[in-house]
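One structure is given below, encoded as structure tokens.
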Amino acid sequence: MKSVLVVYSGGLDSYTLLNKALSSFEKVEAITFNYGQKHKIEIEYAKAACEKLGIAHEIVNLDLQKILAGSALVGDSDIPEGNYDKEKMKQTVVPNRNMVMISVAASLAIKNELDYLWYAAHSGDHEIYPDCRPEFIAKMAEVLSICDYHKINFEAPFQDLSKAEIIKVGLDMNLDYSKAWTCYEGKEKPCGKCSACLERAASFQAIQVNDPLDEL
């Protein structure tokens, strides 16, 4: 039985990836991390989606707030507003976040004897986030293939796609993107001002489709 563990934040990219996994694997599980992020609402979105899809779902608490507090997503500083400016967006980098999460996820995949580990890095992440770049993905794949007696195949299927292209993939699967959270602010409604909101809006506009979260 071909199986996969998906690192699932509850966001748009990983929501699409999770559903793609359902059409590609016989067994799909998901793992979500609470690392002290301000936008914990994404965890609730992840939980709801997995319950609806009937997917085994682990929510892991990483008590790393003191270590990761230099990021605007975790610390006391404000979430930067405005478009994806490189220097501004560096404020949202959570140091080594993906490597920590992928390592923990790999342990779960090994314990459950799953074949693949997927995460949703995409091409728009490359410039800002070092742990989303192709070279990082390639090196992690090498390490995870030899880290245990049980080999893990680590992949980022969307690494060459833009967010707009990911949305197209999801719409071809008839996904409801009101079930995916994006905003960095942890409020009931998207702020519409942070870079994550603006990137999402621009991606929907690029393919001339209305974002269902606009109706919240």
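The values are calculated or read from the model by the stated rules, or taken from the named source; none is laboratory data. Only a predicted model underlies this, so the values are computations on that prediction, with no experimental measurement involved. Note that each Cβ is placed from the backbone with ideal geometry, even for glycine, and that neighbours are counted across all protein chains shown.
Is at least one residue of segment 22-45 of a type in the set (S, T, N, Q), in contact (Cβ under 8 Å) with a residue 40 or more places away in the chain and farther than 20 Å from Glu188 by Cα? Walk me through it before giving the result.
To start, the set of residues in segment 22-45 that are of a type in the set (S, T, N, Q) comprises 23-24, 32, 34, 37.
Imposing the further condition that a residue be in contact (Cβ under 8 Å) with a residue 40 or more places away in the chain reduces the set to 23, 37.
From what is left, the residues that are farther than 20 Å from Glu188 by Cα are 23.
Yes, the conditions are met somewhere in segment 22-45.
With respect to the conditions (1) hydrophobic (A, V, I, L, M, F, W, C); (2) buried (at least 16 other Cβ atoms within 10 Å of the Cβ); (3) modelled with pLDDT of 95 or more; (4) over 23 Å from Asn61 (Cα atoms), Ile146 falls short on a single one, namely (2).
Assess whether Ser77 counts as being surrounded by 18 or more Cβ atoms within 10 Å (Cβ to Cβ), modelled with pLDDT under 90, more than 25 Å from Ser178 (Cβ to Cβ) and polar (S, T, N, Q). Working first, answer last.
Numbers: surrounded by 18 or more Cβ atoms within 10 Å (Cβ to Cβ): no; modelled with pLDDT under 90: yes; more than 25 Å from Ser178 (Cβ to Cβ): yes; polar (S, T, N, Q): yes.
No, not satisfied.
Every listed requirement among (1) at pLDDT 95 or above; (2) under 18 Å from Glu44 (Cα atoms); (3) aliphatic (A, V, I, L, M) is met by Ile166 save one, (2).
Kindly indicate which of Ser107, Ser203, Ser103, Ser178 is small (Gly, Ala, Ser), touching a residue at least 24 places away in the same chain (Cβ under 8 Å), surrounded by fewer than 19 Cβ atoms within 10 Å (Cβ to Cβ) and assigned to a helix (DSSP H, G or I). Among Ser107, Ser203, Ser103, Ser178, only Ser178 is small (Gly, Ala, Ser), touching a residue at least 24 places away in the same chain (Cβ under 8 Å), surrounded by fewer than 19 Cβ atoms within 10 Å (Cβ to Cβ) and assigned to a helix (DSSP H, G or I).
In summary, Ile67 fulfils each of the numbered conditions (1) at pLDDT 80 or above; (2) among the hydrophobic types (A, V, I, L, M, F, W, C); (3) more than 14 Å from the chain's Cα centre (by Cα) with the single exception of condition (1).
Yes or no: Lys20 under 22 Å from Cys132 (Cα atoms), under 17 Å from the mean Cα position of the chain (by Cα), at pLDDT 95 or above and not in a strand (DSSP E or B)? Before the answer, list the steps.
Numbers: under 22 Å from Cys132 (Cα atoms): yes; under 17 Å from the mean Cα position of the chain (by Cα): yes; at pLDDT 95 or above: yes; not in a strand (DSSP E or B): yes.
Criteria met by Lys20.
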